[in-house]
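The values are calculated or read from the model by the stated rules, or taken from the named source; none is laboratory data. Just so you know, these numbers come straight off a predicted model, no measurement behind them. Note: ideal-geometry Cβ built from the backbone for every residue, glycine included; neighbour counts use all protein chains shown.
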Amino acid sequence: MLHEIWEPDLKVLFVGTAVDGTSDKLGFYHLHPRDRFWESIELGGITPQRVITASERKALEDGEKQGSVSDPIRQMFFEKKVSQLRKLGIGLTDLNRRIISSGDKDKLAWPTEEDIEEFIGKVAELKPKIVAFEMNADLFVGLFKSRYPGVTPTLGLQSFKIADAEVWLLGSTATKPRGEALTQQEDAFFALGERIEAL
């Protein structure tokens with residue numbers, strides 16, 4: 001299971017549903033070929049450049065298949081990426097840290113009540129300024145409606161906080177929305193970028 005990147009007082013903590021199998025196998029977050037997370041946070045101005053490029057992801061995948069990337073080289077590569085994220089005040093985690101997921105529709109990987117409680121307690125302890133959920137909007141609402149009645153499926157800033165952290169919904173980056181839905185998701189990332197810059 002991937003180690004979460006979460007330390008006290010982050011500017012923003014990005015929260016997924018569960019670690020996907022490709023990312024777990026390759027050793028870092030958001031490495032599935034269809035996942036647009038790294039592209040989206042660059043587009044929103046949250047990072048100054050792409051933290052992990054498509055060519056780096058492909059090299060990791062090819063190296064894994066051929067057994068040509070040694071563990072020390074892979075470790076140095078990921079340590080550099082983690083260092084970049086820490087300097088920017090960015091963290092990464094998943095609500096369900098027990099099961100490797102095969103995708104957003106994998107109901108076995110959906111977080112439990114215990115997962116949510118543990119996450120809320122950790123937010124209160126480590127105090128990120130923003131928690132930004134990149135997951136399906138309906139799942140997000142289903143997970144939090146009983147605790148936070150103001151939750152909505154609308155992308156962007158939510159009307160409630162978790163502990164003292166602002167809550168944002170960004171939608172899933174694992175599948176590419178189309179038309180208006182894509183525009184709304186890109187707008188949410190842009191708005192989050194502006195909010196982080198103002199912190």
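Observations on the structure shown:
Here is a yes/no grid of residues against (1) closer than 18 Å to Leu199 by Cβ; (2) part of a loop (DSSP other than H, G, I, E, B); (3) modelled with pLDDT under 90:
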site: Glu7; (1), (2), (3): yes, yes, no
site: Leu10; (1), (2), (3): yes, yes, no
site: Val19; (1), (2), (3): no, no, yes
site: Asp24; (1), (2), (3): no, no, yes
site: Trp38; (1), (2), (3): no, no, no
site: Thr47; (1), (2), (3): yes, yes, no
site: Val51; (1), (2), (3): no, yes, no
site: Lys58; (1), (2), (3): no, no, yes
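- Residues located in the range 139-153, provided they are in contact with a helix residue (DSSP H, G or I) (Cβ under 8 Å, 6 or more places away or on another chain) and more than 26 Å from Leu31 (Cβ to Cβ): Phe144, Arg147, Val151, Thr152, Pro153
- Of all residues in the range 112-133, none satisfies being touching a helix residue (DSSP H, G or I) at 6+ places or on another chain (Cβ under 8 Å) and either of a type outside the set (A, V, I, L, M, F, W, C) or more than 30 Å from Thr183 (Cα to Cα) (or both).
- Looking only at residues in the range 54-75 that are more than 17 Å from Leu2 (Cβ to Cβ) and among the hydrophobic types (A, V, I, L, M, F, W, C), the one that is surrounded by the most Cβ atoms within 10 Å (Cβ to Cβ) is Ala59.
- Looking across the range 121-155, the residues that are closer than 20 Å to Gly89 by Cβ and in contact with a strand residue (DSSP E or B) (Cβ under 9 Å, 6 or more places away or on another chain) come down to Lys122, Val123, Ala124, Leu126, Lys127, Pro128, Lys129, Ile130, Val131, Ala132, Phe133, Glu134.
- Those residues of the range 1-43 which are under 18 Å from Arg98 (Cβ atoms) and among the small types (Gly, Ala, Ser), in sequence order: Gly16, Ala18, Gly21, Ser23
- Filtered by the rule that a residue be touching a Phe, Trp or Tyr at 6+ places or on another chain (Cβ under 6 Å) and closer than 21 Å to Arg57 by Cα, the range 81-96 gives Gly91, Leu92, Thr93.
- Test: residue in the range 87-94 that is more than 30 Å from Glu117 (Cα to Cα) and either at pLDDT 95 or above or touching a helix residue (DSSP H, G or I) at 6+ places or on another chain (Cβ under 8 Å) (or both): no
- Cross-chain or 6+ apart pairs with Cβ under 6 Å, the range 171-199 first and more than 15 Å from Phe14 (Cβ to Cβ), then among the aliphatic types (A, V, I, L, M): Gln184/Leu155
- Scan the range 5-31 for residues that are crowded, with 17+ Cβ neighbours inside 10 Å and more than 25 Å from Ala124 (Cα to Cα) and the total you get is 8.
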